[in-house]
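K.L.:
Structure below; questions to follow.
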Amino acid sequence: MSEEFEYHLDTLAVRAGQERSQFGEHSEALYLSSSFVADNAAQAAARFTGVEPGFIYSRFTNPTVSLFQERLAALEGAEAAVATASGMSAILALCMGHLKAGDHILASQGMFGATMQLFNNWLSRFGVTASYVDATNPAAWADAVKPETKLFYLETPSNPLTEIADIAAISAVAKRHGAIMVVDNCFCSPALQQPLKLGADLVIHSATKYIDGQGRVLGGAVVGSKALVEPVYQFLRTAGPTLSAFNAWVLLKGLETLGIRMKAHCDNALALAQWLEQQPAVAKVYYPGLPSHPQHELAKRQQSGGGGVVSFELHGGQPAAWKLIDSVRLMSRTANLGDVKTTITHPYTTTHGRLTPEAKATAGIREGLVRISVGIEHIDDLKRDLQLGL
Ligand SMILES: *Cc1c(COP(=O)(O)O)cnc(C)c1O
C-alpha cells in the first residue's frame, strides 16, 4: 500500500499491513509455526534482546498475528495493537500491564458481566479495587475519582440498555486526574466508533463479536499508543494468553467484510427498532439510532451508526419475554452477539442472571426485557419471526 494519503476504513480493512512472502500469495498467509529459525547465533541474540526485529516464538509474536494487529491498529487510527486469546484476556492483560496493588479502577455501571467479576472477585485479591458510576453522567466520574484511580474503564453503548457514554467528556476528566482512559469498543467496532480519536488512551476489543462476525473463533486486542501497549505486550509474552495464528487468520478474513457487515447490521437494527416501537405488546425500545433514545444526539456525534443491538421491554413481564423467545423459528436463542445470525436472549435470567434483584433493578434490567443482536438476514423475515410471538 502506498502511504502517501490516508485510506478509508473499508480499504484499510482489506489491505492495511499486508506483506507477501517469496511466493507472492494474494490472500494473507497462515503461519502455523510455534518457533522461528535464526540465520546465526548473533542474529538469535539480537532478536532476543530486541535489537533486531524478527520472529522468535509464537507466544511472543507470529507473522499472521502481527498482520492482524497492524490491520486492527490502522482501523482504530492507533500506533499499535496487541492481540489476545479472547476479549477477557485482553482486559486481564491490560490490568496486569498497568496496575499494581493499591490502584483503583473507576468503571461504568452495566458492564459486561465477566469484566465486573474480573475486577471484583479476582483483581481485589491482589489489592486492586474498583467502583462504578453512571456512565451517562461525566460529572459522576469527576465526583467518584480517587487519588489512587489509575484507570477509567467504560463500555459504550452499554449492554443491554444501549446507554451512551460521552467519550470526549469523560476522557477530559481522566486526563485531568492523570488516569488512563480505556474504552471497550466491542459493540461498535472501529467501523462505527473510534474512541482514540475522541480522547481515549486505549481501546479493548472482544474480536469474538463483530470483528469475526461469523461466530467462529475467540480473540481480543488492546489498541493504542506504543507506550501504553508495550506493558500489556510484555505481560502477554510472559504469561501467554496470546492469540493463535489460526484465529488471527480467521479474524483477518472477518476484518475484510467489517465495513459492509456493520452497515447491514445497523440498517436492519434501525428498521427492527422502528417496527418494534409500533407494536402494542412492546412498552419501550432501547436503540441509539431512534430519536426516542435519550442520548440520540450524542450517539449521532460519536458513532456513525446505531449498532446492531436492540433491546425492548414487553408489557407482559417475564412470561411474555419467554413466550416470545420460545416462539422464534429463525433467530438463535443464545447470548452471543455481533454475529451475522440474529440472536435473542432474556438478560434477566441469562447474561445478568447472577446479579441480585437489587443490582438488576439498579442496572435497569427488568423481567420483561429482551435483547436482540440483529444479524444480516432479510428484515422482513426477522419481523415475521417476532410477529408470531408478539
Ligand atoms: C463478549 C464481551 C467481552 C469478552 O470477550 P470474550 O471474547 O468473550 O472473552 C468483553 N466485553 C464485551 C462488551 C463483550 O460483549
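K.L.:
I'm trying to understand the selection: among the residues of the stretch 226-242, which are in a loop (DSSP other than H, G, I, E, B) and away from the ligand (no atom under 12 Å from the Cβ)? Give the steps one after another, and end with the answer.
P.N.:
Applying the first criterion (in a loop (DSSP other than H, G, I, E, B)) to the stretch 226-242 yields 240-241.
Hit for the stretch 226-242 is 240, nothing else.
K.L.:
So, one more: Please count how many residues of the stretch 334-386 are in contact with an Asp or Glu (Cβ under 8 Å, 6 or more places away or on another chain), more than 15 Å from the ligand (Cβ to nearest atom) and of a type in the set (Ser, Thr, Tyr).
P.N.:
2
K.L.:
For residue 334, work out the one condition from (1) over 27 Å from residue 195 (Cβ atoms); (2) under 21 Å from the mean Cα position of the chain (by Cα); (3) open to solvent by less than 50 Å² (accessible area, probe 1.4 Å) it doesn't fulfil.
P.N.:
(3)
K.L.:
Let me ask another. Which of the residues that make up the stretch 277-323 are more than 28 Å from the chain's Cα centre (by Cα) and under 20 Å from residue 381 (Cα atoms)? Walk me through how you get there before you give the answer.
P.N.:
First pass over the stretch 277-323, keeping only residues more than 28 Å from the chain's Cα centre (by Cα): 278-283, 315-320, 323.
The answer is 278, 279, 280, 281, 282, 323.
K.L.:
Kindly establish whether residue 78 is closer than 28 Å to residue 13 by Cα and near the ligand (Cβ under 9 Å from one of its atoms). Give the steps one after another, and end with the answer.
P.N.:
Numbers: closer than 28 Å to residue 13 by Cα: yes; near the ligand (Cβ under 9 Å from one of its atoms): no.
So residue 78 does not fit the description; no.
K.L.:
List the pairs whose first member sits in the stretch 364-388 and is in a helix (DSSP H, G or I), whose second member is aromatic (Phe, Trp, Tyr) and at pLDDT 95 or above, and whose Cβ atoms are under 8 Å apart, counting only residues at least 6 apart or on separate chains?
P.N.:
383/275
K.L.:
Is it true that some residue in the stretch 311-324 is within 16 Å of the ligand (Cβ to nearest atom) and not assigned by TED's automatic domain parsing to the domain that holds residue 161? If you could, list the steps in order and put the result at the bottom.
P.N.:
First, pick out the residues of the stretch 311-324 that are within 16 Å of the ligand (Cβ to nearest atom): 311.
With the extra rule that they be not assigned by TED's automatic domain parsing to the domain that holds residue 161, the set shrinks to 311.
Checking the stretch 311-324: at least one residue is within 16 Å of the ligand (Cβ to nearest atom) and not assigned by TED's automatic domain parsing to the domain that holds residue 161.
K.L.:
Filter the stretch 162-189 for residues that are open to solvent by 10 Å² or more (accessible area, probe 1.4 Å) and within 16 Å of the ligand (Cβ to nearest atom); which is nearest to the chain's Cα centre (by Cα)?
P.N.:
Here the residue is 186.
K.L.:
Can you confirm whether residue 287 is of a type in the set (Ser, Thr, Tyr), closer than 18 Å to residue 96 by Cα and either touching a Pro at 6+ places or on another chain (Cβ under 7 Å) or in contact (Cβ under 8 Å) with a residue 12 or more places away in the chain (or both)? Full working, then the answer.
P.N.:
Numbers: of a type in the set (Ser, Thr, Tyr): yes; closer than 18 Å to residue 96 by Cα: no; either touching a Pro at 6+ places or on another chain (Cβ under 7 Å) or in contact (Cβ under 8 Å) with a residue 12 or more places away in the chain (or both): yes.
So residue 287 does not fit the description; no.
K.L.:
Filter the stretch 120-150 for residues that are in contact with a strand residue (DSSP E or B) (Cβ under 7 Å, 6 or more places away or on another chain) and free of Cβ contacts under 8 Å to residues at least 24 places away in the same chain and give the result.
P.N.:
Correct list: 120, 140.
The values are calculated or read from the model by the stated rules, or taken from the named source; none is laboratory data. Worth saying up front: this structure is predicted, and the values here are computed from it rather than measured. Virtual Cβ from ideal backbone geometry, glycine too; neighbours counted across all protein chains shown. Remember, those area values only see protein heavy atoms, side chains included, never the ligands or the DNA or RNA. Shrake-Rupley method; radii C 1.70, N 1.55, O 1.52, S 1.80 Å.
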